[in-house]
């Protein structure tokens, strides 16, 4: 048979569309052509496949070989198509039976020796192959991320010869059993943070409702320490959420392990990061920090030190949870449902409001420093909290090495119960509620409505701030186990939304 069709998967963002590798052999001058919008790395597979077949003691056909990667309009990049192309050539030349090829999908880059090498972004392809009901054959180097996929038939291989023997019925490839995810153990505990009861409360509220949080205070007061421990109080990811996170890490070429499976991601880019580093994109698609923080936390330390143009790219994904990237050769939508935690100093020197040190910044410098964060971005941050310098008794506790009585395990249980209440009520965290859902689930008594409307006028709240106060109040009620929002919840929510001046 001079024509064979083999299946593989492309990699477009978090999606893995099916690619049919059509191999055709015809008479004429020997040639090897690949069509179907291949990029440079795909075109170079001609030499890798040729050498791999010869070094594995197979005959390389002395004919005109045409490989079509369909659909033709889909861009193809990387070495992931090598194994499928080699299988197609062997099948079209009669060196391999073709009866069962339609039940398989192949992923893998070939070395010149015939070894099958690991490919980045294999996890979306594995999950798509499972949904299609086919057996996925992939490199042994991808077995860890393949083990995260349940209810799929996945085989691993280390060499081209092993695949051929399996397809010929001589020796079956080894399967990959699902790995058991382990319960994460955190080395850092929120009980390590001395004092800062208000900031600890804000972190708890932010985790319970998945609210965005801005901490402002002098250096050394524990802002970064608090933020780095938020994952220790967040509930574990559900299986679908964990699969999305693992797929994004796989596409980005990062390790995926059972230990990380249920842990919400925590990303902390440096303030010199560019807009592309946050959003993603490039001539060939790269996953940005915002998408890598999907279903987790994006922590921006020293917030005013980021370029204002970089910070403004956060505004749309904070609302929509999606990043749409359009380039000349591709368009892709990436998930970006993340929780923003930010920290900043109140002024350039950092000591405004610190009674132990004198601030030497002029009012103009302070205004210029704080204005680097745009009003629309600040309006999208639910909680604003002042992290003050440690009191004398807290300093004594710090010297003595004592910790707080409430540790991450205690707070995590409070957060979990609050999230359970939100899930039963609306199916999502409070921060993700739409306006109609806020009206439905955040109803107030008539007296409290009058109070909140009056506060809205006095504090000059925007409409967005009004609804965010209601969401925060609902989270505070959930932490208390209360079915209705009380006046105390409104007061605390307004206090978090509008921090004292000078912070």
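Any read-out appearing in this document is the output of simple, stated calculations on the displayed coordinates, not a laboratory observation. Predicted, not measured: the structure shown is a model, and the values here were computed from it. Neighbour counts are summed over all protein chains in view; Cβ atoms, including those assigned to glycine, are modelled from backbone coordinates with ideal geometry.
For this structure, a couple of remarks:
- Rounded tilt (10° steps) of 122-132 against the dominant C-alpha axis of the chain: 70 degrees
- Rounded if a/c under 1.5, otherwise prolate or oblate - the range 188-255, Cα gyration tensor axes: prolate
- Compactness of the chain, taken as the C-alpha radius of gyration over 2.2 N^0.38 Å, stands at 1.19.
- 10 Å-binned pair-distance histogram of the range 264-319 (Cα, whole percent): 24, 59, 17, 0
- Per-residue Cβ neighbour counts within 10 Å put 63, 457, 76 in the sequence 457, 63, 76, beginning with the fewest.
- Convex hull volume of the C-alpha atoms in the range 1-53, normalised per residue: 107 Å³.
- Were the residues from residue 435 through residue 322 laid out at 0.36 nm apart, the gain over their Cα-Cα distance would be 38.8 nm.
- With both labels modelled 7 Å from their Cα along Cα-to-Cβ, the residue 20 to residue 238 distance reads 3.6 nm.
- Part-to-part distance (alpha-carbon centres) for the range 208-238 and the range 418-452, which is given in Å: 23 Å
- Neighbour-count ranking [beta-carbon atoms within 10 angstrom, fewest first] of 498, 104: 498, 104
- A compact globular protein would have a Cα radius of gyration near 2.2 N^0.38 Å; the ratio found for the range 39-99 is 1.13.
- Adding -39500 (n - 2.57) for every DSSP H run of four residues or longer, then dividing by how many residues the chain holds, sets the calculated 222 nm ellipticity at -11000 deg cm²/dmol.
- Of the residues 465, 337, the one with the fewest other Cβ atoms within 10 Å heads the list, and the complete ranking is 465, 337.
- The chain: angle of helix 463-480 to the longest principal axis, Cα-based, in degrees nearest 10: 90 degrees
- Distance from the range 278-347 to the range 1-73 (C-alpha centre basis), Å: 37 Å
- Whole-number percent relative contact order across the range 190-497, with pairs defined as alpha carbons under 8 Å at least 6 apart: 25 percent
- In summary, the range 3-175 shows an alpha-carbon radius of gyration equal to 0.94 times the 2.2 N^0.38 Å reference for compact globular proteins.
- Nearest-ten-degree value, helix 45-55 long axis tilted from longest Cα axis of the chain: 50 degrees
- The base-10 log of I(q)/I(0) for the range 45-141, evaluated at q = 0.15, 0.20 Å⁻¹, reads -0.62, -1.12 [Debye formula, identical scatterers on Cα atoms, solvent excluded].
- FRET efficiency estimate (nearest 0.05) - Cβ-Cβ, residue 466 to residue 73, R0 56 angstrom: 0.75
- Stretching the chain fully between residue 284 and residue 364 yields a gain of 24.5 nm (0.36 nm per residue, less the alpha carbon separation).
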